[in-house]
Amino acid sequence: MSTPTADSATAVIAKPAQEVFDFMADPHRLDLWSFGTWRVEVAPDGLVKGTAIYDGSHTFVRIDADPARLLIDYAIGTAPDALSPRIFARVTPGDVLGLDPDKAMLSVVALRTADMDEARWQGLTTAHAFETGLIRAILESGFDHRSLR
């Protein structure tokens, strides 16, 4: 059993905060950047079913976005009725940080549960660091890898 903790990954993105928030809150765009929810199916009620790119397992996600605060909670789990809000994102407008207002900082935080072993935790934190950079690249370039299918 491990001690619960948290990890964060952050990127400054050359796009306005609202654009970054809209991207992160859109369930149809999860498969652009999330290794755990590749090739998503989005139910009419917003429940996302994705396939993990690294082992083919299914992950379910429900996105709870707060546009006024630029906060997003991602409740995730292996079954639709067993979701836990373990990942969240905050988008901070650039001018709050002394940056150009057409920039934003994206911070993604993952919570480690007591039953998560070291290998799984290491994989999750490594993936989130890469995903955050991927999100920046996608937003700044406009590239959609799904067009290559």
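Read-outs: derived from the displayed coordinates by stated rules, not from any lab. What you see is a predicted model, and the numbers here were worked out from it, not measured in a lab. Ideal geometry is used to build each Cβ from the backbone, glycine not excepted, and the neighbour counts take in all protein chains shown.
Starting from residues that are free of Cβ contacts under 8 Å to residues at least 24 places away in the same chain, in a helix (DSSP H, G or I) and within 12 Å of A14 (Cα to Cα), keep the ones in the range 133-147 and report whichever is nearest to the chain's Cα centre (by Cα). Talk me through it step by step, then tell me what you get.
Going through the range 133-147, the residues free of Cβ contacts under 8 Å to residues at least 24 places away in the same chain turn out to be 137, 141-143, 147.
If we keep only those that are in a helix (DSSP H, G or I) too, we end up with 137, 141, 147.
Filter again for within 12 Å of A14 (Cα to Cα), leaving 137, 141.
Numbers: A137: 14, S141: 18 Å.
By that ranking, first place goes to A137.
Give the residues of the range 73-122 that are surrounded by 14 or more Cβ atoms within 10 Å (Cβ to Cβ) and within 14 Å of F35 (Cβ to Cβ), sorted by residue number.
Residues satisfying the conditions are Y74, I76, I87, V108, A110.
Would you mention how many residues in the range 91-127 are touching a helix residue (DSSP H, G or I) at 6+ places or on another chain (Cβ under 8 Å), over 24 Å from D31 (Cβ atoms) and part of a loop (DSSP other than H, G, I, E, B)? Step through it out loud before you land on a result.
Keep residues of the range 91-127 that are touching a helix residue (DSSP H, G or I) at 6+ places or on another chain (Cβ under 8 Å), which gives 91-94, 100-106, 108, 110, 112, 116.
Still in the list and also over 24 Å from D31 (Cβ atoms): 92-94, 100-103, 112.
Retained after the next criterion (residues that are part of a loop (DSSP other than H, G, I, E, B)): 100-103.
Of the residues in that region, 4 qualify.
What residue, of F130, F88, is out of contact with any Cys (no Cβ under 7 Å at 6 or more places or on another chain), aromatic (F, W, Y) and part of a strand (DSSP E or B)?
After ruling out the rest, the residue left standing is F88.
Yes or no: A75 in contact with a Ser or Thr (Cβ under 9 Å, 6 or more places away or on another chain) and among the hydrophobic types (A, V, I, L, M, F, W, C)?
yes
S8: out of contact with any Pro (no Cβ under 7 Å at 6 or more places or on another chain), crowded, with 20+ Cβ neighbours inside 10 Å and within 30 Å of D102 (Cβ to Cβ), yes or no? Can you show your working first?
Values: out of contact with any Pro (no Cβ under 7 Å at 6 or more places or on another chain): yes; crowded, with 20+ Cβ neighbours inside 10 Å: no; within 30 Å of D102 (Cβ to Cβ): yes.
Considered against the rule, which asks whether it is out of contact with any Pro (no Cβ under 7 Å at 6 or more places or on another chain), crowded, with 20+ Cβ neighbours inside 10 Å and within 30 Å of D102 (Cβ to Cβ), S8 comes out as no.
Report whether or not R136 is surrounded by 13 or more Cβ atoms within 10 Å (Cβ to Cβ), under 15 Å from D26 (Cα atoms) and of a type in the set (K, R). Quick ask: steps written out before the conclusion?
Numbers: surrounded by 13 or more Cβ atoms within 10 Å (Cβ to Cβ): yes; under 15 Å from D26 (Cα atoms): no; of a type in the set (K, R): yes.
When the stated conditions are applied, R136 does not pass them.
Out of all the residues in the range 39-56, which are exposed (fewer than 13 other Cβ atoms within 10 Å of the Cβ) and closer than 16 Å to S84 by Cβ?
Correct list: empty.
Would you say A127 is more than 17 Å from F21 (Cβ to Cβ) and touching a residue at least 24 places away in the same chain (Cβ under 8 Å)? Spell out how you get there, then give the answer.
Values: more than 17 Å from F21 (Cβ to Cβ): yes; touching a residue at least 24 places away in the same chain (Cβ under 8 Å): yes.
So A127 passes the test.
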